[in-house]
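The block underneath contains the structure these notes are about, expressed in structure tokens.
The values are calculated or read from the model by the stated rules, or taken from the named source; none is laboratory data. Worth saying up front: this structure is predicted, and the values here are computed from it rather than measured. Because the Cβ atoms are built from the backbone with ideal geometry, glycine has one as well, and the counts that use them run over all protein chains shown. What goes into the accessible areas is simple: the full protein's heavy atoms, side chains included, and nothing from ligands, DNA or RNA. Shrake-Rupley method; radii C 1.70, N 1.55, O 1.52, S 1.80 Å.
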Amino acid sequence: QVQLVESGGGLVQPGGSLNLSCTATGSVLDFYAMAWYRRAPGKSREFVARATSGGTRDYSDSVKDRFTISRDGNKNTVYLQMNSLKSEDTAVYYCNVGGGTSFAGKYWGPGTQVTVSS
């Protein structure tokens, strides 16, 4: 089975930073793409960023130039460094694996809450 665990969420002031992490266990065949999605209050789930084992990186327009996704080369861990946070970034952030370059996978973590507020 595949299991995902996120960490690093919390409360931060506008303009601040947070670093999320997600560690995956299971078949390495499912870890070609590791991604972050989020769900803000009253909105649908939204793509945030994706990193493939081949080195590609993809970001939504709303977080481009502020967030950076990276992967640990020695283990199945993905990170999301979030800078210049604003209130619109408030959401539950979910780790996702099993997808490709443009679609979500079927495995999801339980999520970690990020709240940006003064």
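Remarks
- Candidate set from the range 24-45 (those that are closer than 18 Å to residue 107 by Cβ and among the charged types (D, E, K, R)); member that is modelled with the lowest pLDDT: 30
- Just so you know, in the range 22-44 the residues that are under 12 Å from residue 96 (Cα atoms) and under 12 Å from the mean Cα position of the chain (by Cα) include one that is surrounded by the most Cβ atoms within 10 Å (Cβ to Cβ), and it is 34.
- Of the listed requirements (1) in a loop (DSSP other than H, G, I, E, B); (2) modelled with pLDDT under 95, residue 61 misses just one: (2).
- Test set (1) over 18 Å from residue 11 (Cα atoms); (2) part of a loop (DSSP other than H, G, I, E, B) - residue 51 fails condition number: (2)
- Qualifying positions in the range 67-91 - more than 12 Å from residue 14 (Cβ to Cβ), outside any strand (DSSP E or B) and open to solvent by less than 70 Å² (accessible area, probe 1.4 Å): 72, 76
- Enumeration of residues in the range 92-110 that are outside any strand (DSSP E or B) and of a type outside the set (A, V, I, L, M): 98, 99, 100, 101, 102, 103, 105, 106, 109, 110
- Residue 70 under 15 Å from the mean Cα position of the chain (by Cα), small (Gly, Ala, Ser) and over 18 Å from residue 109 (Cα atoms): no
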